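What follows draws every value from the coordinates through simple rules; no lab data is involved. On a predicted model such as this, the values are computed, not experimentally measured, just so you know. Counting neighbours? That spans all protein chains shown, and the Cβs are built from the backbone with ideal geometry, glycine included.
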Amino acid sequence: MSQIKTDLYPEAMRGGGRESAAFKKAGKVLRAEIISGGTGLFLAFFIMGHLVLESSILLGKPTYNVVVGLLEKTLPIAQVLIFIVTIAFFFHFVYASRKIPPRLADRRKMMELGLSIKKSRRWWNQPKSDIRLKNHLETSLWIWQVRTGMAVLAMGAFHLFLVMWNLFSDMGFAGHAGLTAQISANRVGSGLWILYLLLGITVVTHLSIGLYRLAVKWAADSLDRKSIYILCNLIFWVFLALNILAVLGFAGKVSL
Amino acid sequence: MARKITFKIFRFNPYDEGSSPFQQEYKLEETPRLNLFSALNIIRDEQDPTLMFDFVCRAGICGSCAMMINGRPTLACRTLTSDLPETIELFPLPFFKMLGDLSVDTGVWFRGISERLESWIHTDGTFDTKSVEKLMDNELANEIYEADRCIECGSCVSGCATANVYPDFLGATGLNRIARYMIDPRDMRDNEAWFELVSTYEGVFGCIGMMACEDVCPKNIPLLDTFSRVRRLMIETGLSSKSTLLKTHS
């Protein structure tokens, strides 16, 4: 078994069993796919849980304080989770961005094709034809996933930093560190509501498209694509509403 | 009552030094059940004998007539003009080598795919003419046939943003082909061999999952179903601790 690195010499790859360079290279590709999909799935579920728990502000500040107290003081879940999420966040960025074409010209090519197939749907008169023509917007959805992903990378990194710092030290939002309704409300009130709103919209878009793609990629044979599409649409609208309501709740404009 | 249809057809001859691409307009009166195969032939016979396009079977079997019809790659012979608006824009398939106007060379690329994937049955067995042929159960035969229905028209690769950006990508048709050999019990290649071939950026993990391949496939081959099975087989092979020579169906 040779120890020579062959990444720079693809022609040196030859097949033949589990110890071969070609097999190991294939293993790396598989690992990258698992990491990007796995961190994506984890982050998606984390965000959904995050939005649900954060929406407890709609039931009033005391309820919210009970929820965050459970997560921060009773059990140090928040302190541990924020590090895990930050690590997953950057791993997800590195591994999920590997398929974005590096050249602008290539991205434009994708865009042109995506738009052309999406627009074509309007011109077909389906029932008359013997070809079953399906609506196609997934190529442009992917482009939106990349765009929202970039937005989430910028805004999410800021949000993660702020929350992590504020979790352990007083940043002057409410005179104490940690998680309380007062800190959150003051953060929203300080003008950061625009960040939370935009981050919420982009992250929910990104995760609903991502979950749809993940389900189709790995389980298209056992799940019905149309049902997945409807479910992910539902996830999108429900969590979008939840995010907007929660921001309004922190701003003191809405409560149940 | 009959519509007057305007065809805007992409014209370019890459072998003519003086040629530069443009869209030429043709007008044609619509007749009942007119399909693009007939329409293009009428235009060539009556209006412009220099128009280049490919047709062989005119029945959705040969796969020669795939082109971009109003932005969607599909077969011209199976497209009725009545399904389309009064202006029909025709472009050749992207991705493939252009021969002129609407004509592209899909054959060379498909041959290359066959060679790269070695898409033939690999077996050590000897062929005995006297023995009864090995039988296959009907369900498996149907499943193999489902993948074999591919007519190699190239619509899936033309509609694939990944293939258009990374030309080495095997495309939906290539992956569908190799998946067909994976389930064929006569092919003796093991899961490790599939893993090296398909668990790559040229293979199934190069796929970004934009799903156009299945949506434009004129033969409605369940491509996405096949790819999820292939992906799960790759996980199984990559993560299993020791070599498994088991076929997926045994």
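Observations
- A:V238-A:L162 FRET efficiency (beta carbon distance; Förster radius 25 Å; 0.05 resolution): 0.45
- As a length-normalised measure over Cα pairs under 8 Å and 6 or more apart, the relative contact order of the range A:170-256 settles at 35 percent.
- Model label sites at A:F46 and B:M188, defined 7 Å from Cα along the beta-carbon direction, differ in position by 5.0 nm.
- The magnitude of the dipole of the range B:110-245, with charges of +1 and -1 set on the Cβ of Lys/Arg and Asp/Glu and taken from the Cα centre, is near 120 debye.
- Principal-axis tilt of helix A:193-219 within chain A, Cα atoms, nearest 10 degrees: 40
- Remark: spin-label model distance B:T126-A:R108 equals 6.3 nm, labels positioned 7 Å along the Cα→Cβ axis.
- Mean partner shielding of peptide B:211-223, defined as the number of other chain Cβ atoms within 10 Å of each residue Cβ, is 5.
- In this structure, A:K226 and A:I34 have a Cβ-Cβ separation that, at R0 = 25 Å, corresponds to a calculated FRET efficiency of about 0.40.
- Cβ charges +1 (Lys, Arg) and -1 (Asp, Glu), total dipole of the range B:4-104, debye: 340
- When each full DSSP H helix of chain B is screened for a Cα extent of at least 18 Å along its own axis and an average Kyte-Doolittle hydropathy of at least -1.0, the helices passing are B:223-239.
- Residue mean of other protein chain beta carbons inside 10 Å, B:228-240: 4
- Length-normalised contact order for the range B:46-172 - Cα pairs under 8 Å, 6+ apart - percent: 27
- Charge dipole (the range B:4-104, unit charges on Cβ, about Cα centre) - positive-most of B:F96, B:L40, B:F7: B:F96
- Among A:A215, A:A22, A:A177, the largest mean-square fluctuation in a Gaussian network model of chain A (Cα springs under 10 Å) belongs to A:A22.
- Among A:81-88, A:92-99, B:45-52, sorting by the average number of other beta carbon atoms lying within 10 angstrom of each residue, highest first, gives A:92-99, A:81-88, B:45-52.
- The equivalent ellipsoid of chain B has semi-axes of 40, 19, 16 Å, largest first, where each one is the square root of 5 times an eigenvalue of the Cα gyration tensor.
- Label point of B:A59 set 7 angstrom out along Cα-Cβ; within the range B:133-158, amide nitrogens under 18 Å from it belong to B:149-153.
- Between B:W120, B:S19, B:P49, the Cα set farthest toward the positive side of the dipole of the protein assembly as shown (charges on each charged residue's Cβ, about the Cα centre) is that of B:S19.
- Gaussian network model of chain A, springs between alpha carbon atoms under 10 Å - residue of A:W237, A:W123, A:W142 with greatest fluctuation: A:W123
- The modelled label-to-label distance for the pair A:V80/B:D16, using points 7 Å beyond Cα in the direction of Cβ, is 7.3 nm.
- Relative to the longest principal axis of the Cα atoms of chain A, the long axis of helix A:138-168 makes an angle of roughly 40 degrees.
- Axis of helix A:21-54 versus longest Cα principal axis of chain A: the two differ by about 30°, to the nearest ten degrees.
- Peptide-level mean, for A:109-118, of C-beta atoms on other protein chains within 10 Å: 6
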